[in-house]
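The values are calculated or read from the model by the stated rules, or taken from the named source; none is laboratory data. Nothing here was measured: the structure is a model prediction, and the numbers come from that model. Quick reminder, even Gly has a Cβ in these numbers, built from the backbone with ideal geometry, and neighbours come from all protein chains shown.
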Amino acid sequence: MTAPTDAEQRPNVARMYDYFLGGCHNFAADRAAAEQILSIFPDTGVAAQANRHFLRRAVRFAAEQGVRQFLDIGAGLPTQGNVHEIVRQVAPDSRVVYADVDEVAVAYARRLLPIDDRTVVVRADLRRPDELLAHPDVRSFLDLDRPVAVLLVAVLHFVTDAEDPYAAVARLRDATVPGSHLVVSHLTSDGAPPLPAQRGTAVYQRSSAPLVPRTHADILRFLDGYDLVEPGLVPVAQWRPDGEPQQRVSHGYGGVGIRR
């Protein structure tokens, strides 16, 4: 037996999300923190599934529109329905870059995902978009003179206002060509009871990243410079449902924009 490492002792948001999805890549500290959240918001697991379903629909939409390059930032831990699995059902030649700042998530992804000439995993930080875009693997995998789908799914709510997530997203937008897609899902504070919301936020304060829910208007700002795809920025379960068992619980909004 060995003593738990610091990474194992502190709850990690990627591993907590894995637990909400029913995954097995998590430690005791992650499970304990996730159970605290579930005691406050019992439907969090259902909401996490709804978010994954939104990702699947949005990625498939982009692939059907002809996009063949995908940059998944804040990808977290591999789970069922990963981006490369979705897009290759539509276009087997698509390229996917998974990026995450968390070294544990990156290590798991490199071990579990197929690393080949169409898929790569990099450690990079959304808050430092120029460094992310300059990463050798990103530069070699993605042709920024062609449309790219940038995926920011359940990640922006872990970036504080002081870290200026709007500037980071604008930089990513400006680095892509017209016809590129932006896929966003984001936890919202709209309609959340104040006291439970404060308790949930406090749990994340003790984890690897703080939680920053935002309003519909604040989330919509991330899509400045994009033409919103119908039905717009809506609860994730309501974005183009396609016959799957629909999760009626949404803890956040989701939307897709196409670069003007």
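Listing for the model above:
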{"read-out": "Residue, surrounded by the fewest Cβ atoms within 10 Å (Cβ to Cβ), within the stretch 203-258, restricted to residues that are within 21 Å of ALA14 (Cβ to Cβ) and among the basic types (Lys, Arg)", "value": "ARG206"}
{"read-out": "Yes/no for VAL138 being under 20 Å from VAL236 (Cβ atoms), in contact (Cβ under 8 Å) with a residue 40 or more places away in the chain and in contact with a helix residue (DSSP H, G or I) (Cβ under 8 Å, 6 or more places away or on another chain)", "value": "no"}
{"read-out": "First in the stretch 141-161 and more than 12 Å from SER185 (Cβ to Cβ) and touching a residue at least 24 places away in the same chain (Cβ under 8 Å), second anywhere and surrounded by 23 or more Cβ atoms within 10 Å (Cβ to Cβ) and aromatic (Phe, Trp, Tyr), Cβ under 9 Å, 6 or more apart", "value": "LEU142/PHE70; VAL148/PHE70; ALA149/PHE70; VAL150/PHE70"}
{"read-out": "Pairs, first in contact (Cβ under 8 Å) with a residue 24 or more places away in the chain in the stretch 216-243, second among the small types (Gly, Ala, Ser) and part of a loop (DSSP other than H, G, I, E, B), C-beta under 6 Å, six or more apart", "value": "VAL236/SER250; ALA237/SER250"}
{"read-out": "Count of the stretch 162-173 residues which are touching a residue at least 40 places away in the same chain (Cβ under 8 Å), over 16 Å from PHE70 (Cα atoms) and either of a type outside the set (A, V, I, L, M, F, W, C) or in contact with a strand residue (DSSP E or B) (Cβ under 6 Å, 6 or more places away or on another chain) (or both)", "value": "3"}
{"read-out": "Residue match in the stretch 69-77 (condition: more than 28 Å from ALA237 (Cα to Cα) and buried (at least 20 other Cβ atoms within 10 Å of the Cβ))", "value": "no"}
{"read-out": "Conditions (1) at positive phi; (2) out of contact with any His (no Cβ under 8 Å at 6 or more places or on another chain): number failed by ALA154", "value": "(2)"}
{"read-out": "Subset tally (residues that are part of a helix (DSSP H, G or I), more than 13 Å from TYR204 (Cα to Cα) and not hydroxyl-bearing (Ser, Thr, Tyr)) for the stretch 18-30", "value": "3"}
{"read-out": "Some residue of the stretch 191-214 being of a type in the set (Ser, Thr, Tyr) and touching a strand residue (DSSP E or B) at 6+ places or on another chain (Cβ under 8 Å)", "value": "no"}
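Here's the yes/no breakdown for (1) part of a strand (DSSP E or B); (2) among the small types (Gly, Ala, Ser); (3) modelled with pLDDT under 90; (4) farther than 23 Å from GLU103 by Cβ:
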{"site": "GLU35", "(1), (2), (3), (4)": "no, no, no, yes"}
{"site": "GLY45", "(1), (2), (3), (4)": "no, yes, no, yes"}
{"site": "GLN49", "(1), (2), (3), (4)": "no, no, no, yes"}
{"site": "ARG56", "(1), (2), (3), (4)": "no, no, no, yes"}
{"site": "ALA63", "(1), (2), (3), (4)": "no, yes, no, yes"}
{"site": "VAL67", "(1), (2), (3), (4)": "no, no, no, yes"}
{"site": "ASP72", "(1), (2), (3), (4)": "yes, no, no, no"}
{"site": "GLY76", "(1), (2), (3), (4)": "no, yes, yes, no"}
{"site": "THR79", "(1), (2), (3), (4)": "no, no, yes, no"}
